[in-house]
Amino acid sequence: MRIVTSSLLIFIALLQGGCLVVTTFTKLEPQLEQWTSERQYGRTLDALSQIDPRDPDYARASALRKQVEKQAADYEQQVRRETAQKLSKGDWAAALDQYDEALGRHPKSVVIRDGLAKLHQQQRETLEQLERKRLIQHGVWLREVLPIHREIARVDPRSNEAQERLRRIIGEAEKIGQELALIGNRALADNELASAEETLPLAYELNKAPLIEESLKTLRGRQKLVTEQQRTARRKSEQQAENERQKRERTLRAIVKRYKTAFAKQEFLAAREQLAELEKTDPGYSELAAMRGRLQQAIDHKASQLFDAGVSAYSRGQFEQAAREWRDVLKLDPDHQQARENLERAEKVLNKLESLKQKQGG
C-alpha cells in the first residue's frame with residue numbers, strides 16, 4: 001500500500017510540476033503493472049509519457065510503453081469485433097456497455113471514440129427506421145378502423161361513448177398523419193421518393209390538412225417527372241439499341257457480300273478471311289456453318305486440282321511450275337502433307353539444277 005501511495009504522489013507531482021526531474025520509473029513500475037493487468041491503458045500511457053528522458057530507466061520505460069501501446073491497439077480491435085458480434089445478435093445494451101467500459105479504460109483512443117460515435121449513429125438510424133415503421137403500421141390500423149367507428153357513430157348517434165370514441169380516433173389519426181407527413185417531407189427534401197410514397201399518401205388519408213395535400217401534390221409531380229425521365233431514357237436506349245442493330249446488320253451484309261464476291265472469283269483465302277470476320281462479328285450467324293462447309297469443299301477441290309497440276313508439271317520436268325502449284329496448295333491447305341513433301345523434292349531438284357548452271361557458267 002505504501003508503494004502504491006508513494007507512486008501516486010510521485011506521479012501527481014510530475015503532472016503538476018511539469019519540469020520536476022525525478023527518477024520515477026522504478027517507483028511507478030508496480031502501479032504501472034497493476035494498471036496494465038487491469039487494462040487501464042489510458043492511465044498507463046499517460047504515466048509513461050511523463051517519464052523524464054533523463055531517467056536512468058527511461059529505456060525500460062520506452063520499451064514498456066511500446067508494449068502497452070501494442071496491447072492497447074489489440075484491445076481496440078477486440079472491442080470492435082466483440083461489439084460487432086453483439087450487434088449481430090441484436091444486443092444493443094451489451095454493445096453500448098462495452099464501448100463505455102473501453103472508453104473508460106482508454107479515454108484518448110481515437111479508434112474507440114470513432115467506434116462509439118458510429119454505434120450511436122447506427123442506433124439513431126435504427127430508431128428512426130423503427131419509429132417510421134411504427135407510425136406506418138399504426139396509420140394503416142387507424143385507416144382501417146376509422147370507417148368502422150364512423151359507421152358505429154352514425155348508426156348509434158345518441159351514444160355519447162360512440163361519439164367520444166370517434167372523436168378520439170379522428171384526433172389520433174390526425175396526429176399520426178401529421179407525424180407521417182413530417183417523415184414524408186424529410187424524404188422529399190432528400191429526394192427519396194420511395195420513402196415519401198410510403199408515408200405521404202397515408203398521411204393525407206388520415207389528415208386532410210392543406211399542407212399535407214400540398215406535399216402529396218409535390219410528390220406526385222416529382223414522380224411524374226421521374227417517370228417521364230425514365231420513359232425518355234428508355235426510348236433513347238431502345239433507339240440506340242436499334243441503331244446498333246441496324247449498324248450490325250449493315251456490317252454483316254457487307255461481310256457476306258465480300259465473301260460471296262471472293263468465293264465467286266475463287267479467291268478462297270480472301271473468302272476465308274471474310275468468314276473469320278463474320279464469325280467475330282456474329283458467332284451465331286445462322287448461315288455461318290453452311291458457308292464454311294461450302295468454302296471448305298471448294299478449297300479441297302481447288303487444292304486437289306492444283307496438286308494434280310503440280311504432279312503433271314513435275315512429270316514433264318517443269319519443276320518451277322510444279323513448285324508454284326504445290327505452294328498454292330499449301331496456301332489453301334497448310335496441312336497438306338503430300339504437297340509439302342513434293343514441294344521439298346521439287347526445290348531440291350531446282351537447287352541442284354541451279355548448282356549445275358553455276359558450275360557450267362564457271
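The values are calculated or read from the model by the stated rules, or taken from the named source; none is laboratory data. None of these values were measured; they are calculated from a predicted model. Cβ sites come from the backbone with ideal geometry, for glycine too, and all protein chains shown count toward neighbours.
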Kindly state which helices (runs of 4 or more DSSP H) lie completely within region 255-362 and contain at least 2 residues that are β-branched (Val, Ile, Thr) and assigned by TED's automatic domain parsing to the domain that holds Glu244. 288-315
Residue ranges of helices (runs of 4 or more DSSP H) in region 34-133 with at least 3 members polar (S, T, N, Q) and not assigned by TED's automatic domain parsing to the domain that holds Gly184: 58-88
Between residues in region 30-55 that are without any contact (Cβ under 8 Å) to a residue 60 or more places away in the chain and closer than 18 Å to Gln78 by Cα and residues that are in a loop (DSSP other than H, G, I, E, B) and of a type in the set (Val, Ile, Thr), which pairs lie under 7 Å by C-beta distance while being six or more apart or on different chains? none
Being in contact with a helix residue (DSSP H, G or I) (Cβ under 9 Å, 6 or more places away or on another chain) and within 30 Å of Arg250 (Cα to Cα) narrows Glu320, Glu273, Glu347, Glu325 down to just Glu273
Checking Ser159, Ser109 in turn, the sole residue that is in contact (Cβ under 8 Å) with a residue 60 or more places away in the chain and surrounded by 13 or more Cβ atoms within 10 Å (Cβ to Cβ) turns out to be Ser109
Within region 312-327, which residues are of a type outside the set (Phe, Trp, Tyr), buried (at least 16 other Cβ atoms within 10 Å of the Cβ) and in contact (Cβ under 8 Å) with a residue 24 or more places away in the chain? Ala322, Ala323
Out of all the residues in region 195-218, which are in contact (Cβ under 8 Å) with a residue 40 or more places away in the chain and more than 11 Å from Ile183 (Cα to Cα)? Leu202, Glu205, Leu206
May I ask you to say which residue of Leu64, Leu96 is more than 30 Å from Leu130 (Cα to Cα) and among the hydrophobic types (A, V, I, L, M, F, W, C)? Leu64
Which of the residues belonging to region 171-191 are within 16 Å of Thr218 (Cβ to Cβ), in a helix (DSSP H, G or I) and of a type outside the set (D, E, K, R)? Leu180, Ala181, Leu182, Ile183, Gly184, Asn185, Ala187, Leu188, Ala189
Examine region 138-150 for a residue that is over 47 Å from the mean Cα position of the chain (by Cα), within 21 Å of Glu205 (Cα to Cα) and either at pLDDT below 95 or surrounded by 12 or more Cβ atoms within 10 Å (Cβ to Cβ) (or both), and state whether such a residue exists. yes
Matching option when the condition is in a helix (DSSP H, G or I) and either touching a strand residue (DSSP E or B) at 6+ places or on another chain (Cβ under 9 Å) or not assigned by TED's automatic domain parsing to the domain that holds Leu278 (or both), among Arg250, Arg234: Arg234
Can you tell me which residue among Glu151, Glu131 is among the acidic types (Asp, Glu) and under 30 Å from Gly221 (Cα atoms)? Glu131
Pairs under 7 Å by beta carbon, first residue over 16 Å from Asp328 (Cβ atoms) in region 294-305, partner at pLDDT below 95 and among the aromatic types (Phe, Trp, Tyr), six or more apart or different chains? Leu295/Phe263; Leu295/Phe268
Report whether or not Glu325 is out of contact with any His (no Cβ under 8 Å at 6 or more places or on another chain) and closer than 25 Å to Leu269 by Cα. yes
Can you spot a residue in region 243-261 that is among the hydroxyl-bearing types (Ser, Thr, Tyr), touching a helix residue (DSSP H, G or I) at 6+ places or on another chain (Cβ under 8 Å) and under 30 Å from Glu277 (Cβ atoms)? yes
